[in-house]
Amino acid sequence: MKITIRKSSSSDLDFLEELEKACFPKFQQSNRRAIRYSIASPFQNVFIADTIENQKRIPAGSATVYIFHKKTLRLFSIAVLPQYKGSGIGKQLLEYIIQMARLKKFERISLEVRKSEKWLIRYYENVGFKLVEELPGYYSPTEDGLRMILPLEENVEKQSISNIIIVRNPKSWNLEIEGVKVVSSRSYITDPEFQSLKNVRIFNLSNSYQYQKMGYYVSLLASARDHRVIPNVTTLRDFTSLALIRSLSGYIDENIQKSLKHVNENKISLFIYFGRSVNPKFRLLAQKLYHMFEAPLLQIDFIKTDKWIIQKVSPLSLKKVNPDHMEKVQEFARDYFSKKRFSRPRFKNYKYDLAILVNPQEKNPPSCPVALQNFKKAAEKTGFYVEFITKDDFSQLSEFDALFIRETTNVNDHTYQFSRTAYAEGLVVIDDPWSILRCSNKIFQNERLKQNKIKTPVTLILSKSNYRSIPVDLTFPLVLKQPDSAFSLGVEKVDTPEELNRSLKKLFRLSDLVVVQEFMPSEYDWRIGILDQAPLYACKYYMAKDHWQIYDWTSESKDNFGASDTVPIEEAPEIVIKTALKAASLIGDGLYGVDLKMIDGEVYVIEINDNPNIDSGTEDFVLKDELYNRIMQSIFKRIEINRNIAQFVTV
């Protein structure tokens, strides 16, 4: 029997629908809409096997493939009409897919199969597929699945280099460390070997970083090749802005003053090589500065006026290093790389690296330990290598493709610095810096909500100069908030004018403005989780026992918070969901928790939170693992879109 294989077209829709019904049990069938999408999608390929009978093409089978990763081709299904079983059509389709995968340089083919289909499992094993994972309940509550992979060994890249140091003349560099290669600027730019390398880190020590000089092009081309480079082009540009440098250094001003207080002169230069200072007295400050201004070799000049400030930050090429320091440079480099900080054990199928920022000492983190492990499992399933990092790992940020913050954010601490730096480095970030800024300030939120005609409790913004002219007809009790309050902290309820005055005086010591809102008592608040401008979960947060807030921070009891009730999105009032979506859209397209009250049929937005709580047994009560999967898939999708990968599949 003569068989030809071709790509499908819309005219094959009826045949493919018939094939699904003839070959698969109902729970495994794709409906007509899904089939139409597969035919039209640029991210899937549907192939038709035609028999030639009496010079007519008659469709007899099909194969559908998904392209999840650059390296993995997923075989979604192979099907042959019952009357053609045993004629070799299925075998020819599989051979066609394997040959196509080899030609397109895929490293493996993956597929799923029902655990009960022992004959089919044996068939795939005979072809060379290996069982890699059991999938309980994959097809239905009573039908488990298995995942199998066929390695295409000849397409696997053999690569031992993970770190490359770029210098003008490698002969002047006496450094032999496993996994580190020293090459010339010209070789890195022109040799094909370095154009095809993946997952490498570039340390650019070229002679000049000036615009359109060799060092500039090394950093530029490294970014184009998806190599992780320091300094990158953005960093080089940032070094030219003294205003930006001083703004950033404000985060470590206390460390600067403490470290330099015994310096007698009015100026000093620190030389920082691979995160270490030539002068051991400035060891801690050098680490902080390296984390902030990441470049392999740095000179940072300080001057003293009323206090010590940074006058200039200069990334140094190897040519500009003091010859007396060269021995230290090589010593520090050897120590830096010998720590194996870039050699993580990882399953070879992971496509991207995800950092999850946590604080193990935080008393009330946005995710409990079980939820964090659920995020990790979902991320690995999606295609991420995952590493939990803390504020001490700032220097490792550029090693990752995405940052997911699971520590309470604040615009005045390291969480914002992590977010801003990661975004500047080109990482996908949740929570992004503008979401942190917008959500952290109740004054901004009140103005945005008011401008867009979204109802809130009656709100006044008081300053130190006008608070005594507060309207006398305000109804007590009132709620007072610091503009940057979060999770019910920095929020007070006052019942009398005397309490109002006392609380305002206290809050004005912390902020020039204070938010005053009418008190709207309710049994519970709605919390609607929003991701990518779509609802993710719907919770009722009940007030803490004998308290007016969800959290009672004055209580020493472990049960200082109210109960919760998570419901399917469709069971939450439609007006609550719509209002939450509208409010969140004013902030961005990230991950948010919108707090609302519904009173007498009217919906009021209380606040919009970045970094919302996601705890095991609460927010995930309805969606279970799917909640974590959706968040990880969103991050993965954002990376793919940012990199403009044509083989992107919506999952």
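The values are calculated or read from the model by the stated rules, or taken from the named source; none is laboratory data. Predicted model, so just to flag it, every value in this text is computed and none were measured. No Cβ is skipped: glycine too gets one built from the backbone with ideal geometry, and neighbour counts run over all protein chains shown.
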Query raised in the report: Of (1) in a helix (DSSP H, G or I); (2) closer than 17 Å to LEU242 by Cα, GLU294 satisfies all except one. Which?
Result: (1)
Requested in this report: Identify the residue in region 519-533 that is at negative phi and touching a helix residue (DSSP H, G or I) at 6+ places or on another chain (Cβ under 7 Å) and, among all such residues, is surrounded by the fewest Cβ atoms within 10 Å (Cβ to Cβ).
Outcome: LEU531
**Report entry** Enumeration of residues in region 29-76 that are within 29 Å of ARG638 (Cα to Cα), at pLDDT 90 or above and of a type in the set (S, T, N, Q)
**Finding:** THR64
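In a strand (DSSP E or B) and of a type in the set (D, E, K, R): is that true of ARG36 in this structure? Before the answer, list the steps.
Working: in a strand (DSSP E or B): no; of a type in the set (D, E, K, R): yes.
So ARG36 does not fit the description; no.
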Query raised in the report: Residues in region 354-384 that are surrounded by fewer than 20 Cβ atoms within 10 Å (Cβ to Cβ) and closer than 22 Å to HIS291 by Cβ: how many?
Result: 4
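Here's the yes/no breakdown for (1) out of contact with any strand residue (DSSP E or B) (no Cβ under 6 Å at 6 or more places or on another chain); (2) of a type in the set (Asp, Glu); (3) under 25 Å from TYR217 (Cβ atoms):
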position	(1), (2), (3)
PRO296	no, no, yes
GLN299	no, no, yes
THR305	yes, no, no
PRO323	yes, no, no
GLU331	yes, yes, no
ARG334	yes, no, no
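Would you point out the residue of region 33-87, among those that are of a type in the set (Phe, Trp, Tyr) and touching a strand residue (DSSP E or B) at 6+ places or on another chain (Cβ under 7 Å), that is surrounded by the most Cβ atoms within 10 Å (Cβ to Cβ)? Steps first, answer last, please.
So the first thing to find is which residues in region 33-87 are of a type in the set (Phe, Trp, Tyr), and the list is 37, 43, 47, 66, 68, 76, 84.
Now drop any that are not touching a strand residue (DSSP E or B) at 6+ places or on another chain (Cβ under 7 Å), which leaves 43, 47, 66, 68, 76, 84.
Working: PHE43: 16, PHE47: 18, TYR66: 19, PHE68: 21, PHE76: 16, TYR84: 18.
Step by step, filter region 33-87, then rank; the result is PHE68.
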Query raised in the report: When region 570-595 is examined, which residues are found to be β-branched (Val, Ile, Thr) and without any contact (Cβ under 8 Å) to a residue 40 or more places away in the chain?
Result: ILE575
Query raised in the report: In this structure, does ILE5 turn out to be assigned to a helix (DSSP H, G or I), surrounded by 14 or more Cβ atoms within 10 Å (Cβ to Cβ), touching a helix residue (DSSP H, G or I) at 6+ places or on another chain (Cβ under 8 Å) and not acidic (Asp, Glu)?
Result: no
**Report entry** Criterion violated by TYR350 - all others in (1) modelled with pLDDT of 90 or more; (2) surrounded by fewer than 20 Cβ atoms within 10 Å (Cβ to Cβ) satisfied
**Finding:** (1)
Report summary line: In region 497-518, residues that are of a type in the set (A, V, I, L, M), surrounded by 13 or more Cβ atoms within 10 Å (Cβ to Cβ) and modelled with pLDDT under 85 total 4
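With modelled with pLDDT of 90 or more, surrounded by 15 or more Cβ atoms within 10 Å (Cβ to Cβ) and over 28 Å from the mean Cα position of the chain (by Cα) as the only criterion, which of TYR604, TYR628, TYR592 stands out? Step through it out loud before you land on a result.
Values: TYR628 fails: over 28 Å from the mean Cα position of the chain (by Cα); TYR592 fails: over 28 Å from the mean Cα position of the chain (by Cα).
Just one listed residue meets the conditions, TYR604.
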Query raised in the report: Does ARG334 satisfy the condition of being at pLDDT below 85 and more than 25 Å from ILE639 (Cβ to Cβ)?
Result: yes
Query raised in the report: Can you tell me how many residues in region 207-228 are outside any helix (DSSP H, G or I) and modelled with pLDDT under 80?
Result: 10
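Against the condition modelled with pLDDT under 85 and either out of contact with any strand residue (DSSP E or B) (no Cβ under 7 Å at 6 or more places or on another chain) or at positive phi (or both), how does VAL472 come out, does it pass?
On the way: modelled with pLDDT under 85: yes; either out of contact with any strand residue (DSSP E or B) (no Cβ under 7 Å at 6 or more places or on another chain) or at positive phi (or both): yes.
So VAL472 fits the description; yes.
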Requested in this report: Please verify whether region 14-31 includes one or more residues that are in the same structural domain as TYR138 (by TED's automatic domain parsing), under 17 Å from GLN83 (Cβ atoms) and not in a helix (DSSP H, G or I).
Outcome: yes
Query - Within region 230-276, considering residues that are within 21 Å of ALA422 (Cβ to Cβ), among the hydroxyl-bearing types (Ser, Thr, Tyr) and in a helix (DSSP H, G or I), the one modelled with the highest pLDDT - result: SER249
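For LEU489, are the conditions met, namely being modelled with pLDDT under 85, loosely packed, with under 15 Cβ neighbours inside 10 Å, under 37 Å from the mean Cα position of the chain (by Cα) and more than 15 Å from PRO457 (Cβ to Cβ)?
Numbers: modelled with pLDDT under 85: yes; loosely packed, with under 15 Cβ neighbours inside 10 Å: yes; under 37 Å from the mean Cα position of the chain (by Cα): yes; more than 15 Å from PRO457 (Cβ to Cβ): yes.
Yes; evaluated as a whole, the condition is true for this residue.
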